[in-house]
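Report on the following structure.
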Amino acid sequence: MKAFQLTEQKEFMNLLLRSDIFDNFLLSEASVHTAVKYEIDGRLNPSFFSDEERSDQQLDDLSHMPYGRLRPIFFELIKGRTAPTSFQFVLMLSPSNLKNTLHASGTAISPSDILGVYLNILYQNETLMLTTGVSYRVFIPDNSFEREWEKFTINFLKRNNIVFSEI
């Protein structure tokens, strides 16, 4: 796990809430504390969608909602003159992006060995942080995939001109 402080908060928030760079991630969970506390569980409710709707909206193989579908809601919750007292977004790789990331990492780990690969975005005490994380289904004695995920995250931040410092 690596932690990063995101130093240009306004620019990062514009990217998080107004651009599509995080849209391919899935939302595991979110919490936004403004005048009231909003807690959102990103798990899809299969009974809400017909089979046809799930297929048409490309949700068939997903357990969680794509962040991009919920981004406008978060924008409405957070926009305004007063910043939230805190918020947290836990984003995770989609199954297809997990396969691609595992393949690119060159590790022998299979997607079935992993519960989730995460980006945790936390704002509290006027500090904005991002941490990486990997949750496994089975014991993995080698942490090389975690190091690759950390490198991927650093490259993602740099590629999107996100200013950060490692903590």
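The values are calculated or read from the model by the stated rules, or taken from the named source; none is laboratory data. As the structure is a computational prediction, the values presented were derived from the model and not from experiment. So basically every Cβ, Gly included, is an ideal-geometry build from the backbone, and we count neighbours across all protein chains shown. The accessibility values were calculated without ligands, DNA or RNA, using every heavy atom of the protein model including side chains. Shrake-Rupley method; radii C 1.70, N 1.55, O 1.52, S 1.80 Å.
Applying both filters, DSSP loop and at most 16 other Cβ atoms within 10 Å, to the trypsin sites (Lys or Arg not before Pro) of the stretch 55-159 gives Lys79, Arg81, Arg137. Of the listed pairs Lys2/Lys99; Lys10/Lys37; Lys2/Lys79; Lys2/Lys158; Lys79/Lys151, which have alpha-carbon separations greater than 24 Å here? Pairs exceeding the cut-off: Lys2/Lys79; Lys79/Lys151.
Each Lys or Arg adds one and each Asp or Glu subtracts one; over the other residues with Cβ under 10 Å from the Cβ of His64, this totals -1. Note on Leu62: accessible area approximately 30 square angstrom, rounded to 10, probe 1.4 Å, nucleic acids and ligands left out. Evaluating kT/(6 pi eta Rh) at 20 °C and 1.002 mPa s, with the Kirkwood radius of the chain over Cα pairs in the Stokes-Einstein relation, gives 127 µm² s⁻¹. For the stretch 55-95, the residues whose backbone nitrogen is under 17 Å from a point 7 Å from the Cα of Arg18, taken along Cα to Cβ, are 71-84. GNM on the chain, alpha-carbon springs under 10 angstrom: the most fluctuating residue among Phe12, Phe22, Phe156 is Phe156.
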